[in-house]
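Each value in this text was obtained by applying a stated rule to the coordinates, not by laboratory testing. Because the structure is a prediction, the values reported are computed rather than measured. All Cβ positions, even for glycine, are placed from backbone atoms using ideal geometry, and neighbour counts span all protein chains on display.
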Amino acid sequence: MSSNTFGKLLSVTTFGESHGPAIGCVVDGCPPGLALAPEEFRDDLERRATGRSRWTSQRREADDIEILSGVYQGRTTGTPIALLIRNTDQRSKDYGDLQGTFRPGHADYTYWQKYGIRDPRGGGRSSARETTMRVAAAVIAKKWLAERHGVRVRGHLAQIGDVVPRAFDWDAVERNPFFWPDAAMVEELEAYVNALRKSGDSVGARVTVVADGVPPGWGEPIYGKLDGELAAALMSINAVKGVEIGAGFAAVAQRGSEHRDEITPQGFLSNHAGGILGGISTGQAVVASIALKPTSSILVPGRSVNLAGEPVEVVTKGRHDPCVGIRATPIAEAMVALVLMDQALRHRAQCGDVGDVAPRVPGQAG
């Protein structure tokens, strides 16, 4: 399988399967001198992990990071950083009945058509377990962006099914297992997801990521557009079926006089562009949203075929999320952070001597 690496000056290669002995990644291009210790990975890995609340899959992995290379005496050396996590809670027997069947909505059929062989245990390489290493790699990117540029990347669940927040408070996001910005609605969400689980069905979600403090100038005009690379990175996340930058599809119904972000000496008056114009950051908050499909592994019977092409009925048992969006926020944050760090390094390489260019107007929050 090719194309397991993304990024140019900062590149990340992931490897491993859901039920293999381990998953890992190699982060290449991180500048030397960044302080880095295994315990710094704990918070974001726990934010992404399953089994930490009753609203997600009950697979419980330790997710202990091993730093195999690229760090000496607590600081990055500029050489490839290899990270490894051992899988400790596989239950491959849950997938024994699926070896000869294609689960509808999964990558079983397409992997079979491409490779002529597939790992049915938890989806193998197509499992969301792979995203653990993206989150781990982004711990490095988030820290570097914050220390070098004051950039903060954070996200929240913006919609689950047809439920949307009625209020917004960033402080509430990290105080509930849904990453939900309206604390008053948490009990309502709990009842909603509990009913969903009892029905054996699932639902989709929307996650929004905001990067504050991104300076103007990051990104490239044509093939290296910041929004283009963000879209590709976010679309690579399992279950993502749509990406929006700024106003996104809402721009269809807007007039040009409304959508354009007017500029005054005091700053931008709006941010419908999501902090990006012509593929280059404006200095405003970079805003991106993703749409995640409903989980396909459900207890509701569905029609499919087996390896002989015969019709079968599929019921997917095991440990699954009633809504994968509940734990997608750290994953979306990770992809935004990794793209931003890569773009920052590329901007420094070509245009580091340009410096600040007047006029410099203040950005508008996302």
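In terms of Cα atoms, the Rg and Dmax of the range 93-171 work out to 19.1, 51 Å.
Restricting the range 206-285 to GluC sites (Glu not before Pro) that sit in a DSSP loop and have at most 12 other Cβ atoms within 10 Å of their own Cβ leaves GLU262.
Applying both filters, DSSP loop and at most 10 other Cβ atoms within 10 Å, to the trypsin sites (Lys or Arg not before Pro) of the range 140-175 gives ARG166. Computed from backbone phi, the HN-Hα couplings of the range 31-48 come to x, x, x, 7, 5, 8, 9, x, 5, 6, 7, 4, 4, 5, 5, 6, 5, 7 Hz, rounded to whole numbers (Karplus: 6.51 cos²θ - 1.76 cosθ + 1.60, θ = phi - 60°; Gly and Pro given as x). Counted without the sites themselves, the longest stretch of the chain free of chymotrypsin sites (Phe, Trp or Tyr not before Pro) in a DSSP loop having at most 12 other beta carbon atoms within 10 Å is 1-167. Can you give the angle from 0 to 90° between the axis of helix 131-149 and the longest principal axis of the chain, with both taken from C-alpha atoms, to the nearest 10? Its long axis makes an angle of about 10 degrees. For the range 178-248, the Cβ-based charge dipole about the Cα centre amounts to some 260 debye (Lys, Arg positive; Asp, Glu negative; other atoms uncharged).
When CYS351, CYS30 are arranged by Cβ crowding within 10 Å, least crowded first, meaning fewest neighbours, the order is CYS351, CYS30. Can you sort MET235, MET133, MET185 by how many other beta carbons sit within 10 Å, fewest first? Lowest to highest Cβ neighbour count: MET235, MET185, MET133. Annotation: amide H of LEU277 within the under-5 Å range of THR282, sequence separation 5 or more or interchain, hydrogens built in the peptide plane.
For the chain, a simple Cβ point-charge model (Lys and Arg +1, Asp and Glu -1, everything else neutral) yields a dipole of about 620 debye relative to the Cα centre. Computed over the alpha-carbon pairs of the chain, the distance histogram in 20 Å steps reads 28, 57, 15, 0 percent, short to long. The residues neighbouring GLY150, those whose beta-carbon lies less than 13 Å from its own, together hold a net charge of +2 under the Lys/Arg +1, Asp/Glu -1 convention. The ranking of LYS241, LYS225 by Cβ neighbour count inside 10 Å, starting from the fewest, reads LYS241, LYS225.
Taking the Cα centre of the range 105-249 as the origin, how large is its charge dipole in debye, to the nearest 20, when only Lys and Arg (+1) and Asp and Glu (-1) carry charge on their Cβ atoms?
With Lys and Arg at +1 and Asp and Glu at -1, about 600 debye.
Build a GNM of the chain with springs between Cα atoms under 10 Å apart, and of ASP353, ASP28, ASP108 the one that fluctuates most is ASP353.
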